[in-house]
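In what follows, a structure is listed as structure tokens, so that the remarks can point back to it.
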């Protein structure tokens, strides 16, 4: 084995500087995914069939095509479609957010359907408006049930964010690849990048368990 970790040691801070970029992409994409996911889930359980068809079609598109393809269509296709080159960061969080919304909508829909129908009927019988019922009664209970699935989606989002290196965004993976090109040692910096992702995923896992435990104690 021809490993030389000492050679990449001076470049480790440079790779670590990619963490904020990765976290920004994941954070913005997660917000888009949750907000749009809630809207799509409500459309899917709506009695208005056109809304349900639109939401199902949206989900089928983003779940049925590779995420890297969606990323490249948004980034490389924007000049041809809109005459403007979308920034790499914007293309990253848009593609990840729109993709994540498709999966999160299914998770939320399942959580809403798992809530006892009696509570919905009781709220409607008391004259509670539909929007207030969903926001104040149904969705909070649904989120308690789907928290593990949501955390799993955020973990997946964090790991899959590495593909933004394909559009040149200076995230963790891109920086480790640059270090590999400069030192002619690719295994070591990429392994270090893998360690960073592993630590971030473990932190997310711990946070998820803490939040889940607190929500259970509040029942």
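Every number in this text was worked out from the coordinates using simple rules, so none of it is lab data. Predicted model only: the values in this text are computed from it and were never measured. Cβ: placed from backbone, ideal geometry, glycine included. Neighbour counts: every protein chain shown.
In nm, what is the difference between 0.36 nm times the number of residues separating residue 182 and residue 46 and their Cα-Cα distance?
Working: separation 136, 0.36 × 136 = 48.96 nm, distance 5.51 nm.
Gain in length upon complete extension: 43.4 nm.
So what's Rg/Rh here for region 95-194, counting alpha carbon atoms and using the Kirkwood radius for Rh? Walk me through the numbers before you get to the answer.
Numbers: Rg = 21.3 Å, Rh = 16.6 Å.
A ratio of 1.28.
Could you give the angle, 0 to 90 degrees to the nearest 10, between helix 139-160's Cα long axis and the longest principal axis of the Cα atoms of the chain?
Approximately 20 degrees, to the nearest ten.
Relative to the longest principal Cα axis of the chain, at what angle does helix 67-82 sit, 0 to 90 degrees, rounded to 10?
Tilt of helix 67-82: around 90 degrees.
Calculate how large, on average over all directions, the projected area of the Cα convex hull of the chain is; give the answer in nm² to one decimal.
Working: hull surface 62.3 nm².
So the Cα hull casts an average projection of 15.6 nm².
Can you give me the Cα centroid spacing of region 96-167 and region 1-33 in angstrom?
So the two Cα centres are separated by 30 Å.
Most exposed first by the Cβ proxy, i.e. fewest other Cβ within 10 Å, how do 124, 147 rank? Please list the in-between numbers first.
On the way: 124 12, 147 18.
Listed from fewest to most nearby Cβ atoms, that is 124, 147.
Which order do peptides 150-157, 178-185 fall in by mean Cβ count within 10 Å, highest first?
150-157, 178-185
If we count other beta carbons within 10 Å of each Cβ, what is the order of 9, 21, fewest first? Each step should come with its number before you reach the end.
Values: 9 11, 21 20.
The order, fewest Cβ neighbours first, is 9, 21.
Please arrange 96, 76 by counting, for each residue, the other beta carbons lying within 10 Å of its beta carbon, fewest first.
Details: 96 25, 76 14.
Going from least to most buried by this count: 76, 96.
Set the Förster radius R0 to 41 Å, insert the Cβ-Cβ distance between residue 87 and residue 128 as r into 1/(1 + (r/R0)^6), and round the FRET efficiency to 0.05. Working shown, then result.
Values: r = 43 Å, r/R0 = 1.06.
According to the calculation, E is roughly 0.40.
Beta carbons within 10 angstrom, averaged per residue: use that to sort the peptides 192-199, 37-44, 64-71, highest first.
Working: 192-199: 15.8, 37-44: 21.2, 64-71: 14.2.
In descending order of packing, they fall as 37-44, 192-199, 64-71.
Nearest 10 degrees, 0 to 90: what angle lies between the long axis of helix 187-217 and the longest principal axis of the chain (Cα atoms)?
20
What does the convex hull of the Cα atoms come to per residue for region 1-55, in Å³? If you can, show how the numbers build up before the last one.
Details: hull volume 6.2 nm³, N = 55.
In region 1-55, the Cα hull volume divided by residue count equals 112 Å³.
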